[in-house]
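Presented below is the structure to which this report refers.
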Amino acid sequence: MSTTRRTIFLYYLYQATLSNGFYLPVGIIFLQQQRGFGLDIIGLTQGAFGLALVFAEIPTGYLGDRLGRRSTLALSSVITTLVMALYTVITTPTAYVLLYILWAIGWSLESGTGSAWLYEILSERLDSDEFARVRGRGSTVSLLVSAISAVTAGVLVTVAWPLPFVAGATLSAAGLPVLMALPIVTVDTRRLTLVDGLRTLLTTVTAPGLRWFIVYSAIFYALFDVLRAFEQPAVTGVGVPVAALGVLYAGLKLVSACSAAATGWLADRVGVSDSFRLLIPVVGIAFLLVGVLPVVVVPVVFLVRAIQSIVQPLRAQYVNDRADDMGRATVLSGVSMALSLAGGGANLVAGQFAERIGLFSFLAVSGCLSVAAAGLLWIRMTPVRNEFVR
């Protein structure tokens, strides 16, 4: 096996250890049934995670540039392992809020740094144009592992509640030896200060080639984030039993995995620009149908997961192509922060409107307004450009 192929194989193994499938179907239920927390406390923990994720993105992105990619990714794996290990040990609401904040820090340590490492290693040893394809396949591996582990978690929890979380901690810890086997990217970051990183971020994201792309991406990110927040009450509201949610989530992971695997093909055949432009009619029609026929929300949830799995590596490829090596992780984390801020802000007001006009009507209106805004932006500013403009 060549060095490049071995590196990509190890990257796929590392992606497998990022799966949260053991947590996903049982994490919230554990807080309800075993800790006796109400929806207010659960909402507080999720809100704390979201806000911490926003504020941690820039510092952790800078850390990825300053300490090095591999060391930062290893720290992320250590934090995730610790979170899973403590999940069934702590008992108070305050402790869980702090635990979710810690998890958000670990999550953000990986978000920009992982993409930066992959892009740079491909630039050195293969071709940076392969980023979307390799990233998509890596996401496929992670999603397939998540699908299997989600079903396994449903079995383990019938034996003992801590078992899914122990399995999650073990899987995350397995990423450490894999990371140590990955090569170190030769990027000079010793002279990079936090001010340099912020200056690089500001210069890059305000350039014509990225500024409106981030706005366009944020519109759809916020819409999809709102749907994800309400997907469980939405699907149960049209007759899907709670007992079937574990299988539903496994199905979502499988659909996401297949979609992520097709990212490279879509980029080659359709192109990045046209792929993003197609979001406007596809998403618009899908969300409009939810308002007319609510049961359509089930396939729409699957459709949105598929779209997200395709868009994420394409978006990362687009940003990577327009970022410099020094400060790359800071830029990627800054973009992630902007998207998280859009999603978090949308969720802050979404619940109130959904209560007033009904969940399915709210989803339809949100989809139509988002698509209208994205369409107008596309006509006026051409947010996704094939050429490099800095």
*Potential lengthening between I184 and S273 on full extension [0.36 nm per residue; Cα-Cα distance subtracted]*: 28.8 nm
*Can you give me the span-like helices of the chain, meaning DSSP H runs with 27 Å or more of Cα extent along the axis and Kyte-Doolittle mean at or above -0.5?*
39-67, 93-125, 131-159, 208-237, 297-321, 328-357, 359-381
*asked:* For a Förster distance of 30 Å, can you work out the FRET efficiency between the beta-carbons of I285 and I29, rounded to the nearest 0.05?
replied: 0.30
_Order these by the 10 Å Cβ neighbour count, fewest first: F220, F22._
F220, F22
*Would you kindly state how much longer the chain becomes between T170 and S361 on full extension, computed as 0.36 nm times their sequence separation minus their alpha carbon distance, in nm to one decimal?*
64.5 nm
*Pair W161, F55: separation of 7 Å Cα→Cβ label points (nm)*: 3.0
_Run the simple label-point estimate for F302 and T382 please: 7 Å along Cα→C-beta, distance reported in nm._
3.8
_Answer label, with Cα extents along the principal axes in Å calculated from the coordinates and candidates (i) 75, 48, 36; (ii) 118, 58, 47; (iii) 52, 49, 40_ = (iii)
_As an exercise, use a Förster radius of 35 Å and the Cβ-Cβ distance of V89 and T236 to find the FRET efficiency, rounded to the nearest 0.05._
0.70
*Helical contribution to [θ] at 222 nm, DSSP H n ≥ 4, -39,500 (n - 2.57), averaged over the chain, rounded to 500*: -27500 deg cm²/dmol
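None of the figures in this text is laboratory data; all of them are computed from the coordinates on show. From a predicted model like this one, the values you see are computed outputs, not experimental measurements. Neighbour counts are summed over all protein chains in view; Cβ atoms, including those assigned to glycine, are modelled from backbone coordinates with ideal geometry.
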